[in-house]
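Notes for the one structure printed next.
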Amino acid sequence: MADHSSISVDHFFDPSSKDFIHNPVPTLKKLSAEFPIARFEAWHSWLVTGHQNIISCLLDTRLSTDFNLWEHAPAKKAFEDMDAFEKLMNNNLFFLDRKNHLRLRKLALPAFSPRIMEQMKDRFKLLIKERFDEIGTPTSFNFAAEIAEIVPTQAIASLVGIPREKFPIFDSLAYGVVRGINPMLSQEERQDAIKGVPEGLDLLNELIDERRANPGDDFLSTLILAEDEGSKLSNLEMCALVGAVLGAGSDTAVDLHSYLVKNLLQHPEQHEALMADSNLVQGAISETLRYE
């Protein structure tokens, strides 16, 4: 990689500005074209754009996803001094070093097998049908609020085995996980966002303990029974895996669904093509994730 150590983008890059939030594309294009690797002093960090640059960083063993290794990271608290959210993030797949990341992924892999995912399809279909039944047949409705922000979290709750009456607790956990890692929140905003995390973790731990006593043929039971060279997942590691699924799954899906509908409405010819050939759906999803 070229030396970009003297290049800073603070003079034009402000991810908290209304202009960027409403339309980030022009700024991101400028970053990619003119500043593919640049310093962002406001966050004491580097911004890397471009597929190949990002892949190079991810594969470079000199770099780490362990937040605690960052030179500007606050001193790591003793485990007993951490709050529920901090304990969850301390075991989160996104922030673990390479060795522990691979260990957790290897143990978690059986829980995401095609067999278990196939079992979940009927549940997901039922969730979506029930959501549309609840909406009814209005002349219009807010897709983002009524579908995109609700169904992904409920689908993950169903995957984990959360009882329907406990969905609101799980939803608060999901909100805390997704919002709590947002670097643009103030400390007060973050504390408000994560206030539902302790109750959500208590719910997960109760469910894990139930499955330990009476394992079945489901997602959590598979995680509990997974073993590799004598290593097993702890309760907190399983909670962190659920948190990672929420962070990578529900948050991505919320944006994906909204942007996909928006783009299809803006390009009616693509909408017609998609309705005529369901084989195009996967391509539409991939292109939406890439473009947006």
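Throughout, read-outs are computed from the coordinates displayed, never taken from laboratory work. This is a predicted model, so every value here is computed, not measured. Here Cβ is always computed from backbone atoms with ideal geometry, including for glycine, and neighbour counts include all displayed protein chains.
Just to verify a number: FRET efficiency for E134 and C57, C-beta to C-beta distance, R0 = 35 Å, to 0.05? Each step should come with its number before you reach the end.
On the way: r = 44 Å, r/R0 = 1.25.
Once the sixth-power term is evaluated, E becomes 0.20.
Run through every distinct alpha carbon pair of the range 3-54 and return the Kirkwood hydrodynamic radius in angstroms, one decimal place. Walk me through the numbers before you get to the answer.
Values: mean 1/r = 0.0883 Å⁻¹.
One over the average 1/r among Cα pairs gives 11.3 Å for the range 3-54.
What FRET efficiency comes out for F79 versus A248 if R0 is 35 angstrom and r is the Cβ-Cβ distance? Round to the nearest 0.05. Mind showing how you got there, number by number?
Numbers: r = 25 Å, r/R0 = 0.70.
Taking R0 as 35 Å, the efficiency between F79 and A248 is 0.90.
For the pair R164 and M275, how long in nm is the line joining their label points, each one 7 Å along Cα→Cβ?
So the label points at R164 and M275 sit 3.1 nm apart.
Any lysines with Cα under 30 Å of the K166 Cα? List them, leaving off those in the same chain fewer than 8 positions away.
K87, K106, K121, K125, K129, K195, K232
For Cα pairs less than 8 Å apart in space and 6+ apart in sequence, what is the mean separation divided by the residue count of the chain, i.e. the relative contact order in percent?
Working: 245 pairs, mean separation 51.0, N = 292.
Over the chain, the number comes to 17 percent.
Once each part is reduced to its C-alpha centroid, what is the distance from the range 70-118 to the range 253-284 in angstrom?
Computed from Cα coordinates, the inter-centre distance equals 34 Å.
Per q in 0.10, 0.17, 0.18, 0.20 Å⁻¹, report the Debye log10 I(q)/I(0) for the range 1-146, using one uniform scatterer on each alpha carbon and no solvent.
Evaluating at q = 0.10, 0.17, 0.18, 0.20 Å⁻¹ gives log10 I(q)/I(0) of -0.67, -1.13, -1.13, -1.18.
Restrict the search to the range 211-292; then list the trypsin sites (Lys or Arg not before Pro) that DSSP places in a loop and that have at most 15 other Cβ atoms within 10 Å of their Cβ.
Working: sites: R211, R212, K232, K262, R290; in loops: K232.
Counting only loop positions with at most 15 other Cβ atoms within 10 Å, the trypsin sites (Lys or Arg not before Pro) in the range 211-292 are K232.
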